[in-house]
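Input: a single structure, listed below in structure tokens.
The values are calculated or read from the model by the stated rules, or taken from the named source; none is laboratory data. None of the values given here were measured: they were computed from a predicted structure. Here the Cβ positions follow ideal geometry from the backbone for every residue, glycine too, while neighbour counts run over all protein chains shown. Ligands, DNA and RNA are stripped out before the accessible areas are found, and what is left, the full protein with its side chains, is counted by its heavy atoms. Shrake-Rupley method; radii C 1.70, N 1.55, O 1.52, S 1.80 Å.
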Amino acid sequence: MARLNTRSALAPSEERAQVVRFLWAGLINTAFGYSVFALLIFAGMHPQLALLLQFILGVIWNFCIHARFVFGVQGYRRFPLYAMSYVVLYFVNALLLRGLMQVGLDPYLAQAVALGPVVILSYLMISRALGRGQAMDRRG
């Protein structure tokens with residue numbers, strides 16, 4: 001009986017290129033998101049509210065970058081699944097931020113530390129939301 005390949009339908013070189021594009025997009029998106037977070041903290045906003053606003057502002061921008069530049073997806077048909085991924089990522093990030101602040105890190109450092117695991121989880125979730133490894137209609 002044939003076994004389904006759920007990993008990736010991409011050739012190894014294509015998958016590496018996609019990961020590299022994801023990392024570049026992530027650097028741009030992270031710089032934007034962290035800057036928004038830091039500016040809101042500097043303006044006196046509570047860290048959890050700053051994180052929430054940063055995620056809300058970033059989701060549409062990030063979708064455009066990830067969908068088009070990284071995964072070659074056109075249109076907004078996959079946006080709801082992408083946005084749901086971001087909701088999960090927000091809650092994971094919020095829990096990490098809270099935990100790191102409870103052990104004594106200031107909000108700036110706590111969020112910087114939380115970025116590592118959140119970036120890894122985001123690639124896994126976003127690549128699935130945008131159809132990595134699935135036969136899908138790249139127009140939508």
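Structure values in brief
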{"item": "Residue list for region 65-122, restricted to those being assigned to a helix (DSSP H, G or I) and of a type in the set (S, T, N, Q)", "result": "Ser85, Asn93, Gln102, Gln111, Ser122"}
{"item": "Gln48 open to solvent by 40 Å² or more (accessible area, probe 1.4 Å), assigned to a helix (DSSP H, G or I) and out of contact with any Ser or Thr (no Cβ under 8 Å at 6 or more places or on another chain)", "result": "yes"}
{"item": "Every residue from region 42-74 that is closer than 17 Å to Thr30 by Cα, in contact (Cβ under 8 Å) with a residue 24 or more places away in the chain and β-branched (Val, Ile, Thr)", "result": "Val59, Ile65, Val70"}
